[in-house]
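One structure is given below, encoded as C-alpha cells.
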Amino acid sequence: MTVFRISEAAELLGVSADTVRRWVDAGRLAAGRDEHGHRLVDGVDLAEFVRTEGADSGMSSARNRLRGIVTAVVKDTVMAQVDIQCGPFRVVSLMSREAVDELDLQVGSVAVAVIKSTTVVVERSTPAVANKGRSGS
C-alpha cells in the first residue's frame, strides 16, 4: 500500500501542504496518522480524490509553472515575444503587446511561465529578494 505524507500529496497535486491539510480537516480527503503522529494519505484515496474532486478543488489544470528571469522582450505594434530562462529551460511566449505592457515585463524581470498543452501563459512574479544586495546606486 502506497501512502504519502501531506507534503508529498501536495507536491503531487500541485497545491500547498496547507491546502491538503484543509481538505483533510474538512473531511474531503481521508488521512490517518503514523506512529509519530504525522498525517498520511493512502495513495488509492488520493487518486480517488483527484478523480472525483480534482476539478472542483481549486487545482489548476495548468500545473506546469516555471519561475525564471526575462532574458528578451521583442515588441511590435500588436504582438510581443518574451523569452524566459527558467533554470536550464528557455521558454518563449508570443503574446499581445498590451499584455506585456500591463505585466511590465522587461529584461531582468522575474516572471512565471504557466504551461498548459501548447499554450504558455506568463505571469509577473515578485521575487522575495528582488532588491537585496543592491547599494541603491
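The values are calculated or read from the model by the stated rules, or taken from the named source; none is laboratory data. Note that the structure is a prediction, hence the values are computed from the model and not measured. Here Cβ is always computed from backbone atoms with ideal geometry, including for glycine, and neighbour counts include all displayed protein chains.
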Original post:
Applying the selection to the stretch 2-28, what residues are part of a loop (DSSP other than H, G, I, E, B) and either touching a residue at least 24 places away in the same chain (Cβ under 8 Å) or not aliphatic (A, V, I, L, M) (or both)?
Top reply: THR2, GLY14, VAL15, SER16, GLY27, ARG28
**OP:** Would you point out the residue of the stretch 3-39, among those that are in contact with an Asp or Glu (Cβ under 9 Å, 6 or more places away or on another chain) and surrounded by fewer than 16 Cβ atoms within 10 Å (Cβ to Cβ), that is farthest from ASN64 (Cα to Cα)?
**Re:** GLY32
Original post:
Only one of VAL100, VAL114 is surrounded by 14 or more Cβ atoms within 10 Å (Cβ to Cβ), at pLDDT 90 or above and either over 21 Å from GLU8 (Cα atoms) or not charged (D, E, K, R) (or both); which?
Top reply: VAL100
